[in-house]
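Asks: Take a look at this one; I'll ask things after.
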Amino acid sequence: GADTGERGGSGLLRLFYWQAPVILNVHLANGTKDYHASRVVLEPLADFTTEQEPLLFLATEFPSVENGTLAEDLTWVEWKLREGVKWHDGEDFNAEDVVFTYEYITNEENATTTIGRYQTVESVEAVDDFTVRVNFTQPTPAWYDPFTTT
């Protein structure tokens with residue numbers, strides 16, 4: 001059989017598209033080819049299956065009013081983050097990384113292509129090492145949009 005590596009263990013990866021990806025930063029990407037290629041190195045908190053069911057990546061649970069992680073008035077949401085996730089340099093992933101990502105995306109000098117998904121966000125704060133709270137400027141029915149699907 002073919003040699004297979006361990007998760008995160010490097011090796012050759014081939015993506016076949018009619019046009020090559022030009023960047024591996026989803027927040028600066030300008031096409032599907034770039035979004036797909038970026039997912040090899042960056043993951044969202046969650047995504048959705050083709051049946052629109054939540055699919056967790058960096059989050060451990062999908063927020064809900066019932067579990068106390070979504071405001072009834074949809075003005076804030078809390079995401080519980082997966083522990084034990086490492087960056088490529090061995091550093092731990094935590095809530096401060098999500099805050100940094102928000103600050104990077106919404107810094108107009110960075111000219112991110114994903115900034116529109118964050119226009120209803122007032123602030124993002126680390127509640128603890130593995131909980132992040134997204135506060136909205138108004139009730140936001142699409143509370144799940146920031147930090148997902150990209």
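Asks: Calculate the dipole size of the chain relative to its Cα centre from +1 charges on Lys and Arg beta carbons and -1 charges on Asp and Glu beta carbons; express the result in debye to the nearest 20.
Replies: With Lys and Arg at +1 and Asp and Glu at -1, about 700 debye.
Asks: Just to be sure I understand the curve: with the Debye formula and one point per C-alpha of the chain, what is log10 I(q)/I(0) at q = 0.12, 0.14 Å⁻¹?
Replies: -0.56, -0.76
Asks: Let me know the longest stretch in the chain that avoids all chymotrypsin sites (Phe, Trp or Tyr not before Pro) found in a DSSP loop with at most 11 other C-beta atoms within 10 Å.
Replies: Between the exposed loop sites, the longest stretch runs 19-86.
Asks: While we're looking at this one, here's another question. Select from the range 64-124 those GluC sites (Glu not before Pro) which occupy a DSSP coil region and have at most 13 other Cβ atoms within 10 Å, ordered by residue number.
Replies: Filter output for the range 64-124: E66, E72, E83, E91.
Asks: Turning to a different aspect of this structure: Using only the alpha carbons, work out the radius of gyration and Dmax of the range 80-150 in angstrom.
Replies: That works out to 12.7, 38 Å for Rg and Dmax.
Asks: Within the range 1-109, report the trypsin sites (Lys or Arg not before Pro) that DSSP leaves as loop and that have at most 10 other Cβ atoms within 10 Å.
Replies: Loop-located and lightly packed - R7, R14.
Asks: I would also like to ask the following. With a 1.4 Å probe and all protein chains left in place, how much of the accessible area of the chain comes from carbon and sulfur atoms, in whole percent?
Replies: 50 percent
Asks: Let me ask you something else. Heavy-atom accessible area per residue, the range 14-150, 1.4 Å probe: how many Å²?
Replies: Computed with neighbouring chains in place, this is 59 Å² per residue.
Asks: Roughly what percent of Cα-Cα pairs across the range 61-102 reach past 14 Å?
Replies: Tail of P(r) above 14 Å: 57 percent of Cα pairs.
Asks: If the chain between N135 and R14 were fully stretched, how many nm would it gain, using 0.36 nm times the residue separation less the Cα-Cα distance?
Replies: Working it through step by step, the gained length comes to 39.6 nm.
Asks: Angle between the Cα long axis of helix 95-106 and the longest principal axis of the chain, 0 to 90 degrees, nearest 10?
Replies: Once rounded, one gets 90 degrees.
Asks: Follow-up question, since we're still on this one. What whole number of Å gives the distance from the Cα centroid of the range 18-51 to the Cα centroid of the range 96-116?
Replies: Using only Cα atoms, the two centres lie 16 Å from each other.
The values are calculated or read from the model by the stated rules, or taken from the named source; none is laboratory data. Bear in mind the structure is a predicted one, so any value in this text is a computation, not a measurement. When we count neighbours, we look across all protein chains shown, and the Cβ atoms used for this are built from the backbone with ideal geometry, even at glycine. For the accessible areas, the whole protein counts, side chains as well, though only heavy atoms, and no ligand, DNA or RNA atoms are used. Shrake-Rupley method; radii C 1.70, N 1.55, O 1.52, S 1.80 Å.
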